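Participant: One structure coming up, written as C-alpha cells, with questions to follow.
The values are calculated or read from the model by the stated rules, or taken from the named source; none is laboratory data. On a predicted model such as this, the values are computed, not experimentally measured, just so you know. Cβ atoms come from the backbone with ideal geometry, glycine included; neighbour counts cover every protein chain shown. SASA here: full protein model, heavy atoms, side chains in, ligands and nucleic acids out. Shrake-Rupley method; radii C 1.70, N 1.55, O 1.52, S 1.80 Å.
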Amino acid sequence: MDSDQGDGRTRGTGRRALLGAAVLGAGGAVLSLPGAAGAAGPGTAAPGRRGLKGLPVPTVIGHRGASGYRPEHTFGSYELALDLGADVVEAGDLVSTKDGHLVCRHEPEIGGTTDVASRPEFAGRRTTKSVDGVPTTGWFTEDFTLAELKTLRAVERIPANRPHNTLYDGRWDIPTFAEVLAWQDEQTRRRGRQVWIYPEIKHPTYFRNLGLGLEERVAKLLRRHGKDGRNAPVILQSFEPTSIQRLNRLVDNPLVLLLSSADSRPWDLAEAGDPRTVADLVTPKGLREIAGYAQGIGPTLDLVVPRNADGTLAEPTTLVSDAHRVGLILHPYTLRNENPFLPAEYRRGGAADGYGDVFGAYRRYFGTGIDGVFTDNPDTGVLAREDFLKG
C-alpha cells in the first residue's frame, strides 16, 4: 500500500535514536529495549472474542513488517515486527511471477526494492509498462520465473530516509506467499500465540489483464493451509472494490477495502468507466455499499484528518463515525517516524532521516476513534497505544 508522502529523495544528515541498532539476527532478537514490555504480545485484546474483533484496539499493524528498521517485505522485517509487538504483520503485497507464483513485493516493478539493476543477466528485461495508467520503467515480477526471482536480494526502498537500513541490503530474498503462510504457522508455534497477517492484493486488474488473476491464487493457498474462514488470522485488503467483491465470493476471511486520496479513482472503476472516486466511496451511501462485502476500510490518514495547506492537521472528518455506524472498522495508513512523513507541526528539524514527534501524531489519530493503524515502526506504535490507553 500507499503513495508515500515525502519520497525521501533529499538526502538527510540528521541523527536519530534508531531502535534497529539494538536488534540483531535475521529476525532481530530484542536486546533490552526500553519500554518494550508490550513486545511480549498483545495486551489489550478483547477477552472472549474471536477473529478480527478479538484483536487489540487500537491495533498496531506492522506495515510491510518493521520496514522502518529493515528492508520491507523480507522475513527479517516480518519477524522484527513481531519482536517489537505488532499485533498484525502486513506480510505480503502480493504480485505474480511469470509462472503464476505469488510473491511479496511493494509493486510489480522491483528496481527499487531488489538488486535486479546490478544483475547483468537481467539487464535486457528493463522495460516500460503502463501500471494502472501510469507509465513505469523498470523490471517487473511478471517477466521473471520464481526461480529467477529467488536469485535476487531485497534492498532498502527509501535509503534517503533510512540510511541505516541499507546495512541489511542483500541479506534476504523475496518471500513467496506460500512461504509466508508456513512462516505464520511456525511463528505461531514458536511464540505461543496466534500470529496474524494482513496481505494486500496488489494491482489485481493489471494482473488479471495479463492472465495472472491474483484472487483465485490467494484463495487456493488459503484453502490449502486451512486459513480461509471467518475467524482465520488472515485479513485480506485491496484498493479495488471488485477485487474485494471477488474475494468475498471465494473465501470467508475478513476483508478490507483500501482507500487512497479523495480525488483518486480505483483502477478497476476507471477501467469499467465507473465515474466514482474515493470521495463517493466514503459517503454514508458508499460506506453502506462497502459494508455489504467487506468488514473494514483502510483509508489514508488524510481521509481521517485532512491536512491544511501548510501541512498541519485540520479538523477530523466524519469518516470514523460514518464507518462505525455501518459496522466497518478503520485501519488507516501509514504512520512513520521520519519528519517528511509527519504532519508539519510534528516535524523536528528538516533532516530527511530525522525523527519527529510521532507520539504527538499518534495521539491525534488515536483520538479520532480509529480501530488501528499501519506503522513502519511497530515498537513506537505499541508505546503510543500504551500512552493513549492510560489517558
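Participant: Conditions first: (1) part of a loop (DSSP other than H, G, I, E, B); (2) crowded, with 24+ Cβ neighbours inside 10 Å; (3) not hydrophobic (A, V, I, L, M, F, W, C). Residue 77 passes all but one, so which condition is the exception?
Facilitator: The failed condition is (1).
Participant: Could you identify the single residue in 92, 138 that is under 25 Å from residue 178 (Cα atoms) and crowded, with 17+ Cβ neighbours inside 10 Å?
Facilitator: From the options 92, 138, the qualifying one is 92.
Participant: If residue 349 passes every condition in (1) in a loop (DSSP other than H, G, I, E, B); (2) open to solvent by 20 Å² or more (accessible area, probe 1.4 Å); (3) within 27 Å of residue 294 (Cβ to Cβ) but one, which one does it miss?
Facilitator: Result: residue 349 passes all but (3).
Participant: Out of everything in region 287-300 that is open to solvent by less than 10 Å² (accessible area, probe 1.4 Å) and part of a helix (DSSP H, G or I), what residue ends up being farthest from residue 269 (Cα to Cα)?
Facilitator: Among those residues, the one meeting the criterion is 287.
Quick grid of which residues meet (1) in a loop (DSSP other than H, G, I, E, B); (2) open to solvent by 30 Å² or more (accessible area, probe 1.4 Å):
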{"site": "170", "(1), (2)": "yes, yes"}
{"site": "179", "(1), (2)": "no, yes"}
{"site": "183", "(1), (2)": "no, no"}
{"site": "189", "(1), (2)": "no, yes"}
{"site": "193", "(1), (2)": "yes, yes"}
{"site": "208", "(1), (2)": "no, yes"}
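Participant: Okay, next question. What tally of residues in region 313-323 results from selecting those that are assigned to a loop (DSSP other than H, G, I, E, B) and open to solvent by 30 Å² or more (accessible area, probe 1.4 Å)?
Facilitator: So the count comes out to 4.
Participant: Identify all residues within region 142-154 that are of a type outside the set (A, V, I, L, M, F, W, C), under 23 Å from the mean Cα position of the chain (by Cα), within 11 Å of residue 174 (Cα to Cα) and not in a loop (DSSP other than H, G, I, E, B); write none if there are none.
Facilitator: None - no residue of region 142-154 is of a type outside the set (A, V, I, L, M, F, W, C), under 23 Å from the mean Cα position of the chain (by Cα), within 11 Å of residue 174 (Cα to Cα) and not in a loop (DSSP other than H, G, I, E, B), so the list stays empty.
Participant: Among the residues in region 106-119, are any surrounded by fewer than 17 Cβ atoms within 10 Å (Cβ to Cβ) and among the polar types (S, T, N, Q)?
Facilitator: Yes; the residues of region 106-119 include at least one that is surrounded by fewer than 17 Cβ atoms within 10 Å (Cβ to Cβ) and among the polar types (S, T, N, Q).
Participant: Take the residues of region 141-168 that are closer than 23 Å to residue 207 by Cα and either modelled with pLDDT under 95 or of a type in the set (A, V, I, L, M, F, W, C) (or both): which is surrounded by the fewest Cβ atoms within 10 Å (Cβ to Cβ)?
Facilitator: Filtering region 141-168 for residues that are closer than 23 Å to residue 207 by Cα and either modelled with pLDDT under 95 or of a type in the set (A, V, I, L, M, F, W, C) (or both), the one surrounded by the fewest Cβ atoms within 10 Å (Cβ to Cβ) comes out as 147.
Participant: While we're here: Just to be sure, is residue 304 in contact with a strand residue (DSSP E or B) (Cβ under 9 Å, 6 or more places away or on another chain), open to solvent by less than 10 Å² (accessible area, probe 1.4 Å) and within 26 Å of residue 265 (Cβ to Cβ)?
Facilitator: Spelling it out, residue 304 is indeed in contact with a strand residue (DSSP E or B) (Cβ under 9 Å, 6 or more places away or on another chain), open to solvent by less than 10 Å² (accessible area, probe 1.4 Å) and within 26 Å of residue 265 (Cβ to Cβ).
Participant: Being surrounded by fewer than 16 Cβ atoms within 10 Å (Cβ to Cβ) and either modelled with pLDDT of 95 or more or outside any loop (DSSP other than H, G, I, E, B) (or both) is the requirement here; does residue 310 meet it?
Facilitator: Yes: the conditions hold for residue 310.
Participant: Looking only at region 359-384, filter to residues that are of a type in the set (Gly, Ala, Ser) and part of a loop (DSSP other than H, G, I, E, B); which one of those is most open to solvent (accessible area, probe 1.4 Å)?
Facilitator: Per the stated criteria, the residue is 367.
Participant: Could you check region 324-346 and list, in sequence order, the residues that are in a loop (DSSP other than H, G, I, E, B) and of a type outside the set (A, V, I, L, M, F, W, C)?
Facilitator: Hits for region 324-346 are 327, 331, 332, 334, 336, 337, 343.
Let's see how each residue does on (1) surrounded by 15 or more Cβ atoms within 10 Å (Cβ to Cβ); (2) more than 20 Å from the chain's Cα centre (by Cα):
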{"residue": "223", "(1), (2)": "no, yes"}
{"residue": "234", "(1), (2)": "yes, no"}
{"residue": "241", "(1), (2)": "yes, no"}
{"residue": "248", "(1), (2)": "yes, yes"}
{"residue": "253", "(1), (2)": "yes, no"}
{"residue": "264", "(1), (2)": "yes, no"}
{"residue": "272", "(1), (2)": "no, yes"}
{"residue": "285", "(1), (2)": "no, yes"}
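Participant: Moving to a separate point now. Among the residues of region 324-337, how many are open to solvent by 20 Å² or more (accessible area, probe 1.4 Å) and more than 17 Å from the chain's Cα centre (by Cα)?
Facilitator: Residues meeting the conditions: 4.
Participant: A further question on this structure: Considering only residues that are charged (D, E, K, R) and open to solvent by 10 Å² or more (accessible area, probe 1.4 Å), look in region 95-105 and name the one that is farthest from residue 334 (Cα to Cα).
Facilitator: 99
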